[in-house]
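The values are calculated or read from the model by the stated rules, or taken from the named source; none is laboratory data. Everything numeric here is computed off the predicted structure, so don't read it as measured data. We place every Cβ from the backbone using ideal geometry, glycine too, and count neighbours over all the protein chains shown. Please note that ligands, DNA and RNA were not included when accessible areas were found on the heavy atoms of the full protein model with its side chains. Shrake-Rupley method; radii C 1.70, N 1.55, O 1.52, S 1.80 Å.
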Amino acid sequence: MLEKSKSFWKDSAILPISAVITKVFGAFFKIPLTNILGGTGMGYFSSAYGLLLPIYALSVTGLSASISQAVARSAAMGNFAEVKRIHRIGEISCGILGAILSVIIFVLAKPFSVQIAAQPYAVFSVLAIAPAALFGCLTAVERGYWEGLQNMTPTAVSQAIEALVKLGLGLYFCQWTLQHADILCQYVMADVPLTALAAAGAVLGVTVSTLAGWLYFGVRSVFIRQKMPKSDPKMTVASVKVIFRRLLYVMIPVALGSLVTNLTSLLDLVTMMRCLGKAQLLYPDKLIERFGALAKSTDFPAFVYGSFTGMAVTVFNLVPSVTNMLGKSALPSAAALWTKSDKNGIAVQSQKVVATVAGMAFPAAGWLGVLAVPVMEVLYRGRPEEAFLATQSLQSLLPGMVCLCLVFPLCSILQGIGKAIVPVECMLIGVAVKLAGNLILIPQPAFCVSGAGIATSGYYLIILLLINGNLKKAVGQPLKLFRKIWQPALAATGSTAVVWVLRDTTVQWNLWLSLGFVGMIGGIVYLGLLWILTGRKVPTAVRLQE
């Protein structure tokens with residue numbers, strides 16, 4: 001029994017480690033890509049990515065969860081014949097779904113780029129991303145199958161392969177396009193910006209990475225033979241219709257929740273460039289006064305959008321990608337406590353996870369707010385204009401980053417206690433706030449660049465308040481969550497003030513040396529203040545499974 005427990009914890013640690021590796025590779029891809037393409041090129045790239053993310057959320061995320069749940073259920077009963085049927089049905093149905101989605105993206109690439117994204121030259125990137133929907137669906141089946149059998153290694157390896165191929169081929173195809181402009185001009189219209197084709201090259205690398213992730217499972221099946229136990233002959237195997245209904249039962253709510261979460265990127269894609277174009281028409285003089293000759297260019301909307309999504313959002317997502325791992329552990333713990341009707345235990349669990357997440361989110365947001373300029377200068381040294389715009393956007397996103405870090409584990413707890421639809425309802429209300437914020441703020445010259453960031457922060461704040469209220473209602477007793485965050489918030493405020501002073505005193509230093517020194521002192525001050533405020537006991541990582 002002990003060995004099984006050790007194996008379980010080992011497998012459970014694999015996916016978070018893989019997620020960190022994937023994020024690191026993703027940053028190594030996005031940061032140099034932005035330096036190569038600039039704001040306008042990243043606008044074309046992000047148009048394709050902004051379309052793919054909601055499609056992935058609607059199909060791939062739900063597929064993986066539904067296959068995993070169905071396989072786990074049948075395997076737990078020892079019905080391995082049914083496990084094989086689920087796998088086979090998943091491969092066929094998801095292959096068909098993926099092919100349909102790819103064809104739809106391919107056919108609608110031009111009207112989407114022109115009418116919705118308001119960026120005609122983004123059509124090349126959208127065409128390049130189309131096959132990724134097919135490979136993504138096929139890969140989701142394989143990942144869900146192995147996760148259902150409690151073997152996380154195949155998923156982790158395939159994710160690492162995807163990230164590595166995307167990093168290598170994405171940058172290679174982008175550079176190759178820029179270096180062979182004369183060859184491409186023979187096959188493409190001469191008036192097409194080279195950055196649009198280079199962005200499409202980078203997107204093609206992303207598509208090939210999804211193919212590589214799927215091919216890994218095929219190669220693995222050849223060299224590693226699966227030893228499936230035999231089922232009891234007396235067990236009946238569910239029909240195709242019943243299995244398909246089971247898959248849909250799990251897939252639909254999970255997919256909807258993931259879709260709503262990713263709607264912010266789609267809203268930015270649909271509204272930002274249109275609103276910026278509107279601002280150019282209504283307030284040309286004010287924009288020129290603020291942004292110079294850049295505001296006169298027809299590429300200005302794509303330039304700002306690319307700087308926002310390619311730079312500010314990339315840095316914004318780094319901290320939540322780490323804190324979200326706590327949410328994955330909070331879900332099964334909450335489910336176990338709910339099964340025992342231990343509502344007080346759920347309240348305590350919520351307090352623990354919120355305190356731990358707040359301990360990471362508040363100092364990160366404060367320090368990034370103060371150090372946004374040097375951080376962006378270090379990461380995007382070759383693109384000073386884009387970095388200047390992204391700095392303003394990042395600073396407006398940081399309140400939302402703290403809220404997002406707190407939202408994810410609370411959503412996981414709600415899912416664990418059987419209230420999976422509640423986060424979806426809360427997010428839909430937040431989407432309305434985000435849409436209204438974009439439409440009102442972005443066209444105004446006073447906000448413009450930071451408008452989308454402010455709207456995103458408002459989106460996550462509303463969701464946090466609504467989810468906290470719904471969780472309190474579901475548990476039936478006060479959670480006192482926000483009483484647990486004042487200590488890290490106050491400690492973060494003090495350390496941020498120290499970081500602000502040190503930033504100005506080390507301004508003449510080498511940037512890397514300055515950031516390292518300031519970050520080290522800020523961390524020491526933060527831990528010291530937290531030690532004092534918490535009664536000389538600094539909280540350690542929460543043991544969510546105890």
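General remarks:
- The listed residues are Tyr145, Tyr172, Tyr121, and the only one of them that is open to solvent by 30 Å² or more (accessible area, probe 1.4 Å) and in contact with a Ser or Thr (Cβ under 9 Å, 6 or more places away or on another chain) turns out to be Tyr121.
- Subset of the range 449-465 [aromatic (Phe, Trp, Tyr) and open to solvent by 10 Å² or more (accessible area, probe 1.4 Å)]: Tyr460
- Some residue of the range 429-448 being within 21 Å of Ala361 (Cα to Cα), part of a helix (DSSP H, G or I) and open to solvent by less than 10 Å² (accessible area, probe 1.4 Å): yes
- Given (1) closer than 18 Å to Gln395 by Cβ; (2) without any contact (Cβ under 8 Å) to a residue 40 or more places away in the chain, number of the condition Val498 does not satisfy: (1)
- Residue within the range 398-405 that is more than 27 Å from Thr493 (Cβ to Cβ) and of a type outside the set (A, V, I, L, M, F, W, C) present: no
- Residue match in the range 98-109 (condition: crowded, with 19+ Cβ neighbours inside 10 Å, assigned to a helix (DSSP H, G or I) and in contact (Cβ under 8 Å) with a residue 60 or more places away in the chain): no
- Count of residues meeting criterion [part of a helix (DSSP H, G or I) and in contact (Cβ under 8 Å) with a residue 40 or more places away in the chain] in the range 371-390: 12
- Residues that are open to solvent by 30 Å² or more (accessible area, probe 1.4 Å) and under 29 Å from the mean Cα position of the chain (by Cα) within the range 470-499 comprise Asn470, Lys472, Lys473, Lys480, Phe482, Arg483, Lys484, Trp486, Gln487, Leu490, Thr493, listed in sequence order.
- Residues in the range 273-325 that are outside any helix (DSSP H, G or I) and at pLDDT 90 or above: Tyr283 only.
Residue-wise test of (1) open to solvent by less than 10 Å² (accessible area, probe 1.4 Å); (2) touching a Pro at 6+ places or on another chain (Cβ under 7 Å).
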residue	(1), (2)
Gly359	no, yes
Phe362	no, yes
Trp367	no, no
Val373	no, no
Val378	no, no
Val407	yes, no
Ser412	yes, no
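- Count of residues meeting criterion [in a helix (DSSP H, G or I) and either under 15 Å from Ile421 (Cβ atoms) or out of contact with any Ser or Thr (no Cβ under 9 Å at 6 or more places or on another chain) (or both)] in the range 473-483: 4
- For Ser412, the stated conditions do not hold, so it cannot be described as outside any helix (DSSP H, G or I), under 30 Å from Lys472 (Cα atoms) and not β-branched (Val, Ile, Thr).
- Residue satisfying all of: in the range 178-222; loosely packed, with under 13 Cβ neighbours inside 10 Å and closer than 21 Å to Val83 by Cβ; modelled with the lowest pLDDT among these: Val222
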